[in-house]
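Taking it in order: structure first as structure tokens, then the write-up.
The values are calculated or read from the model by the stated rules, or taken from the named source; none is laboratory data. All values derive from a computational prediction rather than experimental measurement. Cβ: placed from backbone, ideal geometry, glycine included. Neighbour counts: every protein chain shown.
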Amino acid sequence: MKFCLFLPMILLLNLQLGCAPRDKSRRSTFIPTPNPSEDGSHPWTQGNPVQPEPSPLPIPEPSLPINGFEAIAAMGSGFNLGNIFDRKDKPTTVDEMKAIIDLYYQAGHRHVRLPVTWMDDFEGDHLADANGQLRTNHPRLRDLTTVIDYALAKPMFVIINTHHERWLKRDYKAGTSDVIFANLWHQIAQHFAGYPYELIFEVLNEPEGVFGDFTGPVSPFDAEPMRLTRHINEVGYQAIRNSDPRNQQRLVLILPNAQGNQTLLDEVYPNKGDLPDDGNDPYLAVSLHTYDPWTFCGEDGSNTKWPGSQKIVETIDAAFLHAQTLGVAVNYGEFGVGRKVNQNERNTDIVRQYYQLMTQTILDHGMAPTVWDDRGWFGLVEKTETRSYRFKYDLVPNALKSDR
């Protein structure tokens with residue numbers, strides 16, 4: 001098999017990035033610019049080999065770098081556009097995605113996470129080839145770019161990631177998989193290098209499989225899967241940082257194993273020095289997921305398994321305190337309650353309490369909550385009779401109420 005030769009970039013030394021306190025008056029803002037360049041190329045990607053189709057909206061100007069703690073604070077509450085670019089459950093209909101973004105934005109959300117699977121699912125119709133080389137003219141990538149442009153122009157922060165990527169999580173091969181993954185992230189990061197710093201890169205969604213999880217044969221607490229999790233995060237991190245000078249100050253998120261579980265942060269990263277760049281990169285943050293307890297939150301769960309508010313708060317508190325010792329900001333990138341059969345259980349006060357408690361506790365700690373919405377078992381929006389969108393069961397509006 002032939003690979004593009006990006007292995008040397010993995011071996012480059014980390015750039016040591018300083019972090020002087022920022023003047024809050026200089027916080028990055030979006031200023032619309034009238035049109036794409038005269039040659040029709042996208043203003044944010046000039047100088048790159050990739051030129052996505054221009055957005056129909058005015059394009060924001062490049063912004064100032066914003067470190068992890070500032071970004072997380074500014075992001076506030078957000079949501080996932082799930083099961084669209086990460087798996088072939090919902091069509092990538094741009095107008096529908098814009099309508100959902102509008103709904104959340106009007107409710108007060110200021111960031112959106114766009115899960116993206118690049119080399120898996122979609123019946124083989126992938127965004128990148130087997131070597132991690134981006135298919136820059138793929139229609140789904142053009143749709144993704146349009147949605148990113150639209151959200152950034154609201155303005156909102158936008159997170160993109162490598163999501164399912166089972167070729168890596170299940171079939172990891174030392175060396176070979178590293179080169180492919182590094183090339184993939186080099187391609188993605190270079191593609192979006194000219195974008196505003198409000199575009200955030202998440203290295204790998206929910207490390208599992210060979211990286212360890214609660215349901216598979218590899219325990220997340222074993223030394224080797226924890227080492228591999230740190231390693232693959234480092235591979236992606238280095239590929240991003242070395243892709244383009246403009247990405248040396250872009251916010252990068254990494255997750256622990258066991259599908260990013262909040263309780264594994266202190267296991268995978270017990271010390272600051274275990275983080276990429278020995279924890280000295282101010283533009284690095286962590287993302288955590290939780291559907292705990294699964295007997296309550298999972299699609300086959302039951303409201304009778306509600307663990308009580310104290311248990312939920314204590315687990316978030318523990319993750320927050322450890323993140324403080326690491327000196328990193330935290331995004332809670334996924335949480336929610338799903339029901340495969342009895343959706344009526346979600347239209348209850350106990351589930352509304354869960355969403356509000358999660359959202360407000362995370363915000364109270366200066367972290368950013370990103371609720372999971374797949375318009376399915378965990379869906380939070382639905383179409384009306386007029387084909388517009390509205391929130392289901394008052395879960396999202398109630399979650400933003402600070403009185404609890």
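Observations on the model:
- Residue check for Lys90: at pLDDT 95 or above and either within 18 Å of the chain's Cα centre (by Cα) or farther than 26 Å from Val218 by Cβ (or both): no
- Among residues of the stretch 200-226, those that are surrounded by fewer than 22 Cβ atoms within 10 Å (Cβ to Cβ) and either without any contact (Cβ under 8 Å) to a residue 12 or more places away in the chain or closer than 18 Å to Val158 by Cβ (or both), counted: 8
- Of the listed requirements (1) within 11 Å of Ala107 (Cβ to Cβ); (2) assigned to a loop (DSSP other than H, G, I, E, B), Ser402 misses just one: (1).
- Residue within the stretch 70-85 that is part of a helix (DSSP H, G or I), over 16 Å from the mean Cα position of the chain (by Cα), among the acidic types (Asp, Glu) and at pLDDT 95 or above present: yes
- Odd one out for Asn257 among (1) surrounded by fewer than 22 Cβ atoms within 10 Å (Cβ to Cβ); (2) touching a Phe, Trp or Tyr at 6+ places or on another chain (Cβ under 7 Å); (3) not acidic (Asp, Glu): (1)
- Test for Phe157: is it modelled with pLDDT of 95 or more, closer than 22 Å to Gly209 by Cα, in contact with a helix residue (DSSP H, G or I) (Cβ under 8 Å, 6 or more places away or on another chain) and not basic (Lys, Arg): no
- Matching residues, the stretch 329-341, being touching a strand residue (DSSP E or B) at 6+ places or on another chain (Cβ under 7 Å) and within 29 Å of Glu299 (Cα to Cα): Val330, Asn331, Tyr332, Gly333, Glu334, Phe335, Gly336
- Restricting attention to the stretch 114-134, the residues that are without any contact (Cβ under 8 Å) to a residue 60 or more places away in the chain and in contact with a helix residue (DSSP H, G or I) (Cβ under 7 Å, 6 or more places away or on another chain) total 5.
- The residues on offer are Gly308, Gly327, Gly379, Gly336, and the sole one that is within 19 Å of the chain's Cα centre (by Cα) and at positive phi is Gly336.
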